[in-house]
Every structure is written in structure tokens, then in C-alpha cells.
Amino acid sequence: GFENHSALVSATDMGGDPEGFAAAIASLTSRCAARSAFQDEVRLALFGVPPVVSNLYAYLEARAARVVLNETQRDFAQIPLGPRMDEHYAERFAYPYSIHARLAKFLPELGRRRVDAVLVYAQSFCHHNVELPAVRGALAAAGLPFVVLDADLPRPLDGAQRLRLDTLLLQAGKRPSAGGGPGPERRRRSGRVVGLDIGSRRAKIVVLEGDHVARR
């Protein structure tokens, strides 16, 4: 996921060296082609501007989750390219236009890439945050678990962000597999998970044990 993110973002200026960038991309794709395919993983899509959180991809991959689609980065790299540059910017490059143009380009990729869950990244104080209701509605209609991760500064994930990601991976791991059967057993958590919500007047506790939820 991070290699894809980095390559796509770098494609915006090719490091000022198009020939060197082409050689680096050829080397990267050659190395990737020689690797064994990942098995039994949670497949994520990242929707939103390129994240500034420094360890986002590493945190996910340490938990057998991989970003198989970076939405805005892919658009910035102008994939897929139109037949003519003017047609491409008018019809294929979705980011400068409405959120509906971005979703129309993004949603079909979810099935093609067998995505289990969607991580929506929102940069604090970004004007694109007014589009979040449309994004939430589209993902809810698609029937995929999703979470909105908000960040403001380039730094590692904090505790609240890690909790949101862990919750998303737990939801994604319980989804049926692409073949219609139960998801891989290694995605299921063993033991007991406890959630606390402490307010000004009362505290709520949720206990998750396997697939059974007990609330007190």
C-alpha cells in the first residue's frame, strides 16, 4: 500500500527526472511481480487526500491489512489516461470537480479489487470535509464497513486513531469471503474485547467475546 501511495504521489512531478522516474517504476513493478501474493488479508481502499500520518500504512500492514486502492493518489497520477489531454482533464481527472465525479470513479474499483472495507481520510480544516455526508451515504449504500480518520499534523497515529482502525479491521474480518463463505479464521479475534464510553452522567461498557456481544 505505501509503495503504491509513494509511486502515485511521485508521479505528479516525476522527481523532475521523467527518465529516472520511468526506470524506478519499471524496477518497482518488476520486484512486485516476483513477490508471492499476500494471502488471508483484509483488503482496504483509502478514500481522500494523501494522508500525512507517518505510520498509517505500516500500522495496517502489521495487522494483515493492505491498502489495495489509493483513491486520490491514483487520480493525481492520471490513471486511466484519456485519449487526448483535453479530454482527460475534462472527463477522467475527477479531483477538481464534484464529489460525485470522484465517487463514480472510485466505487466500481471496490468490487474489482475485492475490497473488504474503506478508510476515509479527512485532513482537518480541509474544505473537502463538507463532502463527507455524500461519501458516507455512498459507502453505506455499497454495504461496506468504513471509518473516517481525521488528522491535522504529520505525526504517528494517536490512540484514538488506532482504536478506530482496529475497529474497522475487526468489522472487515467478520465479513464473508469473496466466495460467499465465512471469512478467514485468522481474521477473527480470540479472547475478549471491552469498549468503554465514559460520559458526564453515566458510563457504558460493551463486551465482545467471539461473535457474542454482551452490553451492560
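Quick check on residue 89: is it open to solvent by 10 Å² or more (accessible area, probe 1.4 Å), farther than 26 Å from residue 157 by Cβ, of a type in the set (Phe, Trp, Tyr) and assigned to a loop (DSSP other than H, G, I, E, B)? Answer is no for this residue. Within region 168-200, if we keep just the residues that are open to solvent by less than 80 Å² (accessible area, probe 1.4 Å) and closer than 15 Å to residue 62 by Cα, the residue that is modelled with the lowest pLDDT turns out to be 187.
Restricting to region 144-176, name every residue that is in a loop (DSSP other than H, G, I, E, B), touching a residue at least 12 places away in the same chain (Cβ under 8 Å) and under 23 Å from residue 129 (Cβ atoms). Even if it seems obvious, please write down each step before you answer.
Narrowing region 144-176 to residues in a loop (DSSP other than H, G, I, E, B): 144-145, 152-158, 174-176.
From the residues that got through so far, the ones that are touching a residue at least 12 places away in the same chain (Cβ under 8 Å) too are 144-145, 152-157, 174-175.
If the condition is that a residue be in a loop (DSSP other than H, G, I, E, B), touching a residue at least 12 places away in the same chain (Cβ under 8 Å) and under 23 Å from residue 129 (Cβ atoms), then 144, 145, 152, 153, 154, 155, 156, 157 are the ones that fit.
Taking the listed residues 158, 166, 150, the one that is of a type in the set (Asp, Glu), within 16 Å of residue 52 (Cα to Cα) and under 17 Å from the mean Cα position of the chain (by Cα) is 150, with no other qualifying.
Can you find even one residue in region 139-153 that is at pLDDT 75 or above and more than 24 Å from residue 42 (Cβ to Cβ)?
Our first condition is that a residue be at pLDDT 75 or above; within region 139-153, this holds for 139-153.
Among the residues that remain, those that are also more than 24 Å from residue 42 (Cβ to Cβ) are: 152-153.
Within region 139-153 (the criterion being at pLDDT 75 or above and more than 24 Å from residue 42 (Cβ to Cβ)), the answer is yes, since at least one residue qualifies.
Of everything in region 113-143 that is part of a strand (DSSP E or B) and open to solvent by less than 20 Å² (accessible area, probe 1.4 Å), the residue that is farthest from residue 56 (Cα to Cα) is 117.
Taking the conditions exactly as written (surrounded by fewer than 19 Cβ atoms within 10 Å (Cβ to Cβ), at pLDDT 85 or above and closer than 21 Å to residue 1 by Cα), does residue 109 satisfy them or not? Reasoning before the result, please.
Values: surrounded by fewer than 19 Cβ atoms within 10 Å (Cβ to Cβ): yes; at pLDDT 85 or above: yes; closer than 21 Å to residue 1 by Cα: yes.
Spelling it out, residue 109 is indeed surrounded by fewer than 19 Cβ atoms within 10 Å (Cβ to Cβ), at pLDDT 85 or above and closer than 21 Å to residue 1 by Cα.
Of all residues in region 38-75, those satisfying the criterion of being open to solvent by 20 Å² or more (accessible area, probe 1.4 Å) and either touching an Asp or Glu at 6+ places or on another chain (Cβ under 7 Å) or of a type in the set (Phe, Trp, Tyr) (or both) are 38, 43, 59, 64, 66.
Are any of the residues in region 35-56 under 20 Å from residue 149 (Cα atoms) and part of a helix (DSSP H, G or I)? Checked against the condition, which is being under 20 Å from residue 149 (Cα atoms) and part of a helix (DSSP H, G or I), region 35-56 yields at least one hit. Within region 114-126, residues that are over 17 Å from residue 136 (Cβ atoms) sit with their Cβ atoms under 8 Å from residues that are open to solvent by 10 Å² or more (accessible area, probe 1.4 Å) and assigned to a loop (DSSP other than H, G, I, E, B), at 6+ positions apart or across chains, in these pairs: 114/178; 116/144; 116/145; 116/175; 124/152; 125/152.
The values are calculated or read from the model by the stated rules, or taken from the named source; none is laboratory data. Remember, predicted model here, so these are calculated numbers, not experimental data. We place every Cβ from the backbone using ideal geometry, glycine too, and count neighbours over all the protein chains shown. Calculation scope for accessible area: heavy atoms of the full protein, side chains included, ligands and nucleic acids excluded. Shrake-Rupley method; radii C 1.70, N 1.55, O 1.52, S 1.80 Å.
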